[in-house]
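The values are calculated or read from the model by the stated rules, or taken from the named source; none is laboratory data. If you're wondering where the values come from, they're calculated on a predicted model, not measured in any experiment. All Cβ positions, glycine included, derive from the backbone under ideal geometry; neighbour counts span all protein chains shown.
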Amino acid sequence: MKKFTICAAILCALCLSVMPTLDAQQSSNPGLQPILNHYATRNFVAGAVLKADLDLILQAGIRAPSANNRQPWQFTVVQNQNLAKQIVSSIVADNVLIIISAVGDGKTNGSQILDCALAAESIYLAAQALGYGSRIYTGPMDAINRNLKSDLGLPNGYSAVALVRVGRVQADAVSGASSRKDANAVVNYK
């Protein structure tokens, strides 16, 4: 518990040190807020995702950019909690999984994978913009593609590429967020 408290204090200090810069940027363009403040939720709680919100979240995925506007994706919304638990064992009541699939094996269909990743990010950010927690998973794809394609009703020839978990989040969920690398460590200007 002591290590957790120390880590939480350090994370809060890091966030506060960055906040003046982000606040200045966001005050001039509040549309950037969901992008600059997002985090991969770890602390989901029970609570329904409203149907109207789920529809908006899916629209964000449908409207994601894709190479040559191919829109190769298929979205499978998993609300059945027994099926969802087979995919993400830590799922809590009323979380929704949105599986993004495309034609191919999910490993060698490169441009479709990239397009589906863009759709996953759009879904992820839309959920957070609406006040939900969201998290992108790719780890369960092999198990889904091996064992659950028919249970999920994936179209023939399609394989799961990524999934986004959407659900309610604890009020202090930001404390579970991972720190980000400093821009100076990952950006080069030439």
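Listed values, structure above:
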item: Test set (1) closer than 13 Å to F75 by Cα; (2) assigned to a helix (DSSP H, G or I) - A127 fails condition number; result: (1)
item: The stretch 35-85: number of residues that are β-branched (V, I, T) and in a loop (DSSP other than H, G, I, E, B); result: 2
item: Candidate set: the stretch 87-107, residues that are crowded, with 18+ Cβ neighbours inside 10 Å and of a type in the set (S, T, N, Q); chosen: the one nearest to L54 (Cα to Cα); result: N95
item: Pick from the stretch 36-73, criterion polar (S, T, N, Q) and under 16 Å from the mean Cα position of the chain (by Cα), ranking: nearest to G133 (Cα to Cα); result: T41
item: Scan of the stretch 111-134 for residues that are among the β-branched types (V, I, T) and surrounded by 23 or more Cβ atoms within 10 Å (Cβ to Cβ), ordered by number; result: I123
item: Options D182, D151; residue that is over 13 Å from S101 (Cα atoms), of a type in the set (D, E) and in contact (Cβ under 8 Å) with a residue 60 or more places away in the chain; result: D151
item: Scope the stretch 30-77; condition surrounded by 12 or more Cβ atoms within 10 Å (Cβ to Cβ), more than 18 Å from E121 (Cβ to Cβ) and among the polar types (S, T, N, Q); matching residues; result: N43
item: Members of the stretch 95-122 found to be assigned to a strand (DSSP E or B) and not polar (S, T, N, Q), listed by number; result: V96, L97, I98, I99, I100, A102, V103
item: Residue that is farthest from the chain's Cα centre (by Cα), among those in the stretch 147-190 that are surrounded by 13 or more Cβ atoms within 10 Å (Cβ to Cβ), in a helix (DSSP H, G or I) and at pLDDT below 90; result: S175
item: Any chance L97 is touching a residue at least 24 places away in the same chain (Cβ under 8 Å) and closer than 21 Å to V78 by Cβ; result: yes
item: The stretch 103-126 residues that are on the phi > 0 side of the Ramachandran plot, paired with ones that are assigned to a loop (DSSP other than H, G, I, E, B) and surrounded by fewer than 20 Cβ atoms within 10 Å (Cβ to Cβ) (beta carbon under 8 Å, 6 or more apart); result: G104/G157
